[in-house]
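Heads up: the structure comes next, in structure tokens.
Nothing in this text is a laboratory measurement; each read-out follows from the coordinates by a stated rule. Since the model is a prediction, treat every value here as computed from it, not as a measurement. When we count neighbours, we look across all protein chains shown, and the Cβ atoms used for this are built from the backbone with ideal geometry, even at glycine.
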């Protein structure tokens, strides 16, 4: 027991003596949580719109002014010729062109107007697609307003929309749990692996291996500090999310911590396994990168799993972050309880056991 | 019971046969030296005996414990100082010592009188980080750490490599002091001149042991007459001496060439033969361990 305590103390001492690690552990989570939600957003803003107004009527003016008033759209230019606007589109000054045909207002009265045409630059598929949608919505609203004014009985809204759990469709609230997971992977995944391989590189592990110390004690003492650091990081991340973005979990904080503990176990077990198979830090880094890429892109952190091809969806069942992101998002946004999410906790628990057993078995004190 | 018993031990790394059927034994309280060039298998032997790796075949016992079956017992009764400095460079001298003491479940005070002669020399720097120590001080710290749990057998892998001549000599004095405490010490070195400080030595090369004896015994096993020769043009002399009658071998050795001769060799005859060589000097000399080594290696 004394050996274990001394080992843990030594680990903390080494982290503290390192010129870089303490800063990384404190500053990195805060930076990620503060800056990334501002940058990583799928909301499309500042879509530059050109209106080609061949009608020059009240209706066309109304459409243009609605576009201008939208917080997502910017009216970049109003021209009377499509060719001028398409030139601007080619040069990238304009993202979407709205052409209102001649006599649109008059034809609308007699119910057979020519169609309004929308041309979008879809090089950036998201921006093109979303921009198109915003414009369709804006025009539809303008037209239904106009109809409402003209006809004696106000038309009732045909469709009502309500976004449950994230009522403002705030992309940040969707992203923050994902960022927390990325932090875990980086801090609890990378650091213990590098610390162990570092001992291999400097030869100190040999000096440890000739002592009667058991490998379980050594491994646990290596991991414990990073488990503690992981819990510190999740606390900091939750505080930053609350203070900077007002994001407070609807569900219980306990569920988040329980998930965090299981996830940290899993990820550190994986990192130990990788460390056991690598001889140099460089090797560890590359293998870790490989896993991180798959975790980030395929676990539903950035893109929804439901929109992946079926085979990919099946593959995600073996990715631990998939379960924790589901826990985090459900607890944060919906307030789901541990009982309802039991399958995710069990899955994480199983992964934790598998990876740690793998780590214990692949750690060779004797070759 | 001997402190170390090695029987037909072999170990290979892929195609490289690092250790080939090696057998020897070290008595209790003996200072035993493994002498050989790089790649002789010295480090492999140390790693096997300290249970860091397992042998391919053969067996060995350290302090009566089998290196495969009873590796756990061995780990608490041996001290190992690897060739490369492998203490924590970011911990201080004192912290390293306390750390290793704790791993063995002892305190520094328990073994203080054993390590004192060595540790006293670095004690003034006890708060300095181990990585910032000079080479000789690092070596003293490593030795202190290897002794902290009062091991019965001490393994020192090339402890003097890269250390200056004065520190090297001091280090061997320290080993003599430790021997008085009854420790068995197995030490390896590529320096032949250090061999005479050992009780017995094993000359090894390419994974085999060529000869085991006391340093004196090794030298007396050299049954040929040896001469040292010297002239202005050393290279031409070497070529020519090798071809002359009664010469078994001639090789450069410091500022002279060493000439191994057989019964047919006659020094007067040689002098006449080489009378055209400028400033020729030739005199009989006593063989050194290195001469024995070169002879064994060529066989």
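Please average, across the residues of B:95-103, the number of beta carbons from any other chain that are within 10 Å of each residue's own beta carbon, and give a whole number. Provide the component values of the computation, followed by the final result.
Working: counts 5, 3, 0, 3, 8, 4, 1, 10, 13.
Per residue, the number of nearby Cβ atoms from other chains is 5 on average.
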Distance from a point 7 Å along Cα→Cβ of residue B:199 to each backbone N in region B:27-41: keep the residues under 12 Å and list them by number. B:27-33
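Averaged across the residues of B:282-292, what count of C-beta atoms belonging to other chains lies within 10 Å of each residue's C-beta?
Values: counts 0, 0, 0, 0, 0, 0, 0, 0, 0, 0, 0.
Partner Cβ neighbours, averaged per residue: 0.
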Tell me the label-point distance for the pair residue A:24, residue A:58, using the 7 Å Cα-to-Cβ offset, in nm and rounded to one decimal. 6.7
Calculated [θ] (222 nm, deg cm²/dmol) that DSSP helices of n ≥ 4 give over chain A, each run adding -39,500 (n - 2.57): -20500 deg cm²/dmol
Would you mind getting me the FRET efficiency between residue A:232 and residue A:279? Use the beta-carbon distance for r and R0 = 35 Å, nearest 0.05. 0.70
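Have a look at the DSSP beta bridges in region B:4-219 and tell me what percent are antiparallel, nearest 5. Can you show the working numbers first?
Numbers: 20 of 37 bridges.
The antiparallel fraction comes to roughly 55 percent.
Assuming 0.36 nm per residue, please report the length gained on full extension of the stretch residue A:360 to residue A:93 beyond their Cα-Cα distance.
Details: separation 267, 0.36 × 267 = 96.12 nm, distance 5.88 nm.
Fully extending the segment from residue A:360 to residue A:93 adds 90.2 nm.
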Could you please state, rounded to a whole Å, how far the C-alpha centre of region B:265-289 is from the C-alpha centre of region B:112-152? 50
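Within 10 Å, count the other beta carbons around each residue, average over each peptide in A:213-223, B:146-156, and list them highest first.
Details: A:213-223: 17.9, B:146-156: 22.2.
Averaged packing, sorted descending, gives the order B:146-156, A:213-223.
How large is the helix-only mean residue ellipticity at 222 nm for chain B, computed as the sum of -39500 (n - 2.57) over DSSP H runs with n ≥ 4, divided by its residue count, in deg cm²/dmol to the nearest 500?
On the way: 10 runs with 99 residues, N = 299.
Taken over chain B, the calculation gives -9500 deg cm²/dmol.
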What distance in nm separates the two pseudo spin-label positions at residue A:111 and residue B:127, each 7 Å out from Cα along the beta-carbon direction? 9.6
The answer for the per residue Cα convex hull volume of the protein assembly as shown, in Å³, is 249
Unit Cα scatterers, Debye sum, chain A: log10 I(q)/I(0) for q = 0.14 Å⁻¹: -1.12
Compute the distance from the alpha-carbon center of region A:231-276 to that of region A:179-202, in whole Å. 15
Which whole-angstrom value gives the distance between the alpha carbon centres of region A:309-346 and region B:206-250? 77
Assuming 0.36 nm per residue, please report the length gained on full extension of the stretch residue B:28 to residue B:274 beyond their Cα-Cα distance. 83.3 nm
Per-residue average of other protein chain Cβ atoms inside 10 Å, peptide A:207-217 -> 6
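Listing A:132, B:1, A:33 from the residue with the fewest other Cβ atoms within 10 Å to the one with the most, what is the order?
Details: A:132 18, B:1 9, A:33 23.
Sorted ascending by nearby Cβ count, the order is B:1, A:132, A:33.
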Restricting to Cα pairs below 8 Å that are 6+ residues apart, what does the relative contact order work out to for chain B? Please round to a whole percent. 20
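Gain in length, residue A:340 to residue A:214, computed as 0.36 nm per residue apart minus the alpha-carbon separation, to one decimal in nm?
Numbers: separation 126, 0.36 × 126 = 45.36 nm, distance 3.98 nm.
Length gained between residue A:340 and residue A:214: 41.4 nm.
Rg(Cα) of region A:47-150 divided by 2.2 N^0.38 Å?
Relative to the 2.2 N^0.38 Å estimate, region A:47-150 comes out at 1.02.
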Percentage of Cα-Cα pair distances in region B:222-298 greater than 17 Å, rounded to whole percent? 37
Quick check: pseudo-label points 7 Å beyond the Cα along Cα→Cβ at residue A:149 and residue A:307, how many nm apart are they? 3.6
What is region B:75-198 by shape, rounded, prolate or oblate, if you read a ≥ b ≥ c off the alpha carbon gyration tensor as root eigenvalues and call it rounded for a/c under 1.5, prolate for a/b larger than b/c, and oblate otherwise? oblate
With equal scatterers on the alpha carbons only and no solvent term, can you work out the Debye log10 of I(q)/I(0) for chain B at 0.07, 0.12, 0.14 1/Å? -0.34, -0.83, -1.02
Take the Cα radius of gyration of region A:14-90 and divide it by 2.2 N^0.38 Å, with N its residue count; two decimals is plenty. 2.05
